[in-house]
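The structure appears right after this line, and notes come after that.
The values are calculated or read from the model by the stated rules, or taken from the named source; none is laboratory data. Since this is a predicted model, take the numbers as computed values, not measurements. Every residue, glycine as well, gets a Cβ built from its backbone with ideal geometry; the counts of neighbours run over all protein chains shown. All accessible areas refer to the heavy atoms of the entire protein, side chains included, with ligands and DNA or RNA removed. Shrake-Rupley method; radii C 1.70, N 1.55, O 1.52, S 1.80 Å.
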Amino acid sequence: MKKKFLIIFIIFLVLINAPGVNKIILFKLDNDTFRYSNSDGSYTNIETFGFKDAVFTGESFEMFIREENPKPEMRKLYRIYKINPFIFWRWNYYLTTSIKYPYKDWESIEKNPQFISRNKPLGYFQEF
């Protein structure tokens, strides 16, 4: 009986973290949870998981670097959320995206003397 339960549980975890199913679950449960910023807050991004939205790859940050040419110490991107291994439906996202970026607390970015508060369009988390 335990072996059958374990097999069903493993199948459940695999299905929940399958790419198509996982994106729908993340959209319903974790929309606007995954946030990214550089050290001074001049670049921020929120993963929305919308139907037509691509998964966050960091390309927009690379474009920001090319266009704005920030100081070298501001060219590193951080995730502004902690990884919680107990939230099992996020495992796919954690393993494919989150591990690429180190964690930094948003309060430490806001307290940074170089923090830039620009008038950004809606959707940027500096305005919340």
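Sites listed here are chymotrypsin sites (Phe, Trp or Tyr not before Pro) in segment 1-58 whose DSSP assignment is loop and whose Cβ has at most 14 other Cβ atoms within 10 Å: PHE51.
How about segment 13-53: which trypsin sites (Lys or Arg not before Pro) there lie in a loop by DSSP and see at most 14 other Cβ atoms within 10 Å? If you can, show how the numbers build up before the last one.
Numbers: sites: LYS23, LYS28, ARG35, LYS52; in loops: LYS52.
Answer in residue order: LYS52.
Annotation for TRP91 and ILE8: the two label points, set 7 Å from Cα along the Cα-Cβ direction, are 1.8 nm apart. The listed residues LYS2, LYS104, LYS71, LYS82, once ranked by accessible area (1.4 Å probe) with the largest placed first, stand as LYS2, LYS82, LYS71, LYS104.
Gain in length, MET63 to ASP105, computed as 0.36 nm per residue apart minus the alpha-carbon separation, to one decimal in nm?
The span from MET63 to ASP105 would gain 12.8 nm if fully extended.
Extents of segment 1-60, taken as max minus min of Cα coordinates on every principal axis and listed largest first, are 55, 26, 19 Å.
A Stokes-Einstein calculation at 37 °C with viscosity 0.692 mPa s, built on the Kirkwood radius of segment 1-115 over Cα pairs, returns a diffusion coefficient of 208 µm²/s.
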